[in-house]
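FYI, it's all coordinate maths here, none of it is from the lab. Because the structure is predicted, anything quoted here is derived from the model rather than measured. Because the Cβ atoms are built from the backbone with ideal geometry, glycine has one as well, and the counts that use them run over all protein chains shown.
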Amino acid sequence: MAVRCRNATRRRSSSVKMAAPLATCTKEEQRSVIRFLSNEGVKPIEIHRRMKVQYGDACLSLQQVYEWTRKFMNAISSVTDSSRAGQAHPVVTPEDIAAVEAIVKENRRVTVNEIAAHLDMCHESAHHIVHDVLHFHKVFNRFRDKKYLSFLFDLTSYMSDLVIEN
């Protein structure tokens, strides 16, 4: 009578554990894996389960795996994102920054809309340059830089200390 080993009847796991997870991967690499496995007929839930073992927290979500599997089954072969419309980022050139700074220094009462109209740029770009690049903020209806604001704050706190002492 032959004695069978218990381990001999067990099925081996279909996923192979790697020494270290692939935590530093790109989305395109993961999409390539999805394309390969979906082409072999592996279901999206199984693809996600196998990828989760290998990629860990860097793994694409189950919804993305389903979406990309559907795309690959509909004859889309590119693993890169297609360009899509979205909110445009303000384009800031050194010439625009210098022009805005000159306008504000010439007339501190100028508005962002007037700057945008004068330089033929959108309101958001003018606002971005004035507030985020040049760090000008309105005080008493005039644009002031941060150095002046800190000086003004120090002066008012000094004056309030004098009033309290007297």
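Relative to the present Cα-Cα distance, how much length would full extension add between A58 and E114 at 0.36 nm per residue of separation? Walk me through the numbers before you get to the answer.
Values: separation 56, 0.36 × 56 = 20.16 nm, distance 4.67 nm.
Separation in residues times 0.36 nm, less the Cα-Cα distance, equals 15.5 nm.
Residues whose amide H comes within less than 5 Å of that of R108, counting only those at least five positions distant or on another chain, are absent (H built at 1.01 Å from N in the peptide plane). Scoring 109-115, 74-80 by mean Cβ neighbours within 10 Å over their residues and listing the highest first yields 109-115, 74-80. Among C122, C59, C25, sorting on how many other beta-carbon atoms sit within 10 Å of each Cβ, with the fewest leading, yields C122, C25, C59. Per-residue 3J(HN,Hα) values for the range 25-35, derived from phi via the Karplus relation 6.51 cos²θ - 1.76 cosθ + 1.60 with θ = phi - 60°, read 10, 9, 5, 5, 5, 5, 5, 5, 5, 4, 4 Hz in sequence order (x marks Gly and Pro).
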